[in-house]
1. Filter the stretch 15-30 for residues that are among the aliphatic types (A, V, I, L, M) and under 19 Å from I152 (Cβ atoms) and give the result.
2. Looking at R132, R106, R140, R154 in this structure, which one is in a loop (DSSP other than H, G, I, E, B) and of a type in the set (D, E, K, R)?
3. Restricting the stretch 103-124 to residues that are open to solvent by less than 50 Å² (accessible area, probe 1.4 Å) and among the β-branched types (V, I, T), which is nearest to T8 (Cα to Cα)?
4. Please verify whether G100 is open to solvent by less than 60 Å² (accessible area, probe 1.4 Å), assigned to a loop (DSSP other than H, G, I, E, B) and within 30 Å of V129 (Cβ to Cβ), treating the condition exactly as stated.
5. Of R106, R138, R110, which residue is within 17 Å of the chain's Cα centre (by Cα) and of a type in the set (K, R)?
6. Please enumerate the residues belonging to the stretch 37-73 that are in contact with a strand residue (DSSP E or B) (Cβ under 6 Å, 6 or more places away or on another chain) and more than 18 Å from V92 (Cβ to Cβ).
7. Have a look at G153, G127 and point out the one that is open to solvent by less than 40 Å² (accessible area, probe 1.4 Å), within 30 Å of A2 (Cβ to Cβ) and not aromatic (F, W, Y).
8. Applying the selection to the stretch 82-116, what residues are over 17 Å from P58 (Cβ atoms), touching a strand residue (DSSP E or B) at 6+ places or on another chain (Cβ under 9 Å) and polar (S, T, N, Q)?
Amino acid sequence: MAVDELDTRILRLLLEQPRTSVREYARILGIARGTLQARLDRLEREGVITGVSPSLSPAALGHPVLAFVHIEVTQGHLDEVGDGVASVPEIVEAYSITGGGDLLTRVVARDNAHLEDVIQKLISLPGVVRTRTEVALRERVPQRLLPLVESIGRSVSK
């Protein structure tokens, strides 16, 4: 989907001030509320805006350990293992990947013993051949999209 300069300004505001009202966004941008709402609706319909839920901290919820678990799957069982992985609440993301392994999961845990329990749960899923775990030590770049939106905005305005 192509975004124009106004779209990038809207997206930047959503990222910088996520709890502001549509009316206030329109005022800040100097556009009609209806124009803004139409743009937001289109951005949602086309999958650019995928949600409006709050960003939660697993650490603040008692799960400060973060690990990335690579899962090797028996050929032909990726969907089955994917369904099994989705049933484990400590797995907060999972992706099919190329390279070393078939699935890459982001796992949160209360402590290392809890992480081991989660890994054992994964190993017991039918179709899982083996896992490889990497524990994150410190977040260096938090999840972010603003630099990307700004980059797109610069290329659109040229």
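1. Result: L15, L29.
2. Unique residue meeting the criteria: R140.
3. T105
4. yes
5. Result of the check over R106, R138, R110: R106.
6. Residue satisfying the conditions is E72 alone.
7. Residue meeting the stated conditions: G153.
8. S96
The values are calculated or read from the model by the stated rules, or taken from the named source; none is laboratory data. These numbers were taken from a predicted model, which means no experiment stands behind them. Here Cβ is always computed from backbone atoms with ideal geometry, including for glycine, and neighbour counts include all displayed protein chains. Only protein heavy atoms, including side chains, enter the accessible area calculation; ligands, DNA and RNA are left aside. Shrake-Rupley method; radii C 1.70, N 1.55, O 1.52, S 1.80 Å.
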